[in-house]
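Below is one structure, written out as structure tokens; the observations come after it.
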Amino acid sequence: SKKGPLEDIVKVETITPRAVVLTGWRGADWKEVKERRVLQIASQILSARLRDEIREKRGLTYSISCMAHPGRVYAGSGIFGAFFTADPEKAPEAAKIARDMMELFAKEGPTEAEMETTRKQFKNQLEETLKQTQHPTDLRQINGRIRALQARLAVGSPERTAANPNLLISKKDLE
């Protein structure tokens, strides 16, 4: 078996020269609920950092994002990484910056301001989902998503106790 880090370049003739870059690490498996939720939060924060540094400040790509895709079928097949397209001449520099930024994030973690922004983003997603709910069966369909969003946000409802651990959300959570 190969040991990382692994690097491969596949050249494809195209009309417009573009490099597609994916740099990252193995991610969590679907059954690793806490790990995949933490990586989802990290990917949200890192997407903003990468966009600011690699796109806005350095102009190395038009669009970049960090992703956390858990492995669903095969154990160990999850991925956590950055994905973008770039001019082939700029791709190695952009890939190195992305890897370095992700490694720094792994060491230092998010700032409180980044966590607050992420909480607000997930809260807005949750509120929009609840606004679009129009039928009781819709609630059952989005139940899993709401739980996942709340877990990512670490939204603690004062009403949630050991006696009532399944309480999804209260009005206080949306205030």
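The values are calculated or read from the model by the stated rules, or taken from the named source; none is laboratory data. All values reported here derive from a predicted model rather than from experimental measurement. Cβ coordinates were reconstructed from backbone atoms using ideal geometry, including for glycine residues, and neighbour counts include every protein chain displayed. Keep in mind that these areas ignore ligands, DNA and RNA; they rest on the heavy atoms of the full protein, side chains included. Shrake-Rupley method; radii C 1.70, N 1.55, O 1.52, S 1.80 Å.
Observations on the model:
- Failed criterion for Trp25 (all others in (1) assigned to a strand (DSSP E or B); (2) touching a Leu at 6+ places or on another chain (Cβ under 8 Å) hold): (2)
- Residues in the stretch 104-114 that are free of Cβ contacts under 8 Å to residues at least 12 places away in the same chain and assigned to a helix (DSSP H, G or I): Leu104, Ala106, Lys107, Glu108, Glu112, Ala113.
- Output for the stretch 28-50, where each listed residue is open to solvent by 20 Å² or more (accessible area, probe 1.4 Å) and assigned to a helix (DSSP H, G or I): Val33, Lys34, Glu35, Arg36, Arg37, Val38, Leu39, Gln40, Ile41, Gln44, Ala48, Arg49
- The one condition from (1) open to solvent by 90 Å² or more (accessible area, probe 1.4 Å); (2) at pLDDT 95 or above that Glu53 does not meet is (1).
- The stretch 70-98, residues that are assigned to a helix (DSSP H, G or I) and open to solvent by less than 60 Å² (accessible area, probe 1.4 Å): Ala91, Ala94, Ala95, Ile97, Ala98
- When Met67, Met101 are checked against the criterion of being open to solvent by less than 50 Å² (accessible area, probe 1.4 Å), outside any loop (DSSP other than H, G, I, E, B) and touching an Asp or Glu at 6+ places or on another chain (Cβ under 9 Å), Met101 stands alone in meeting it.
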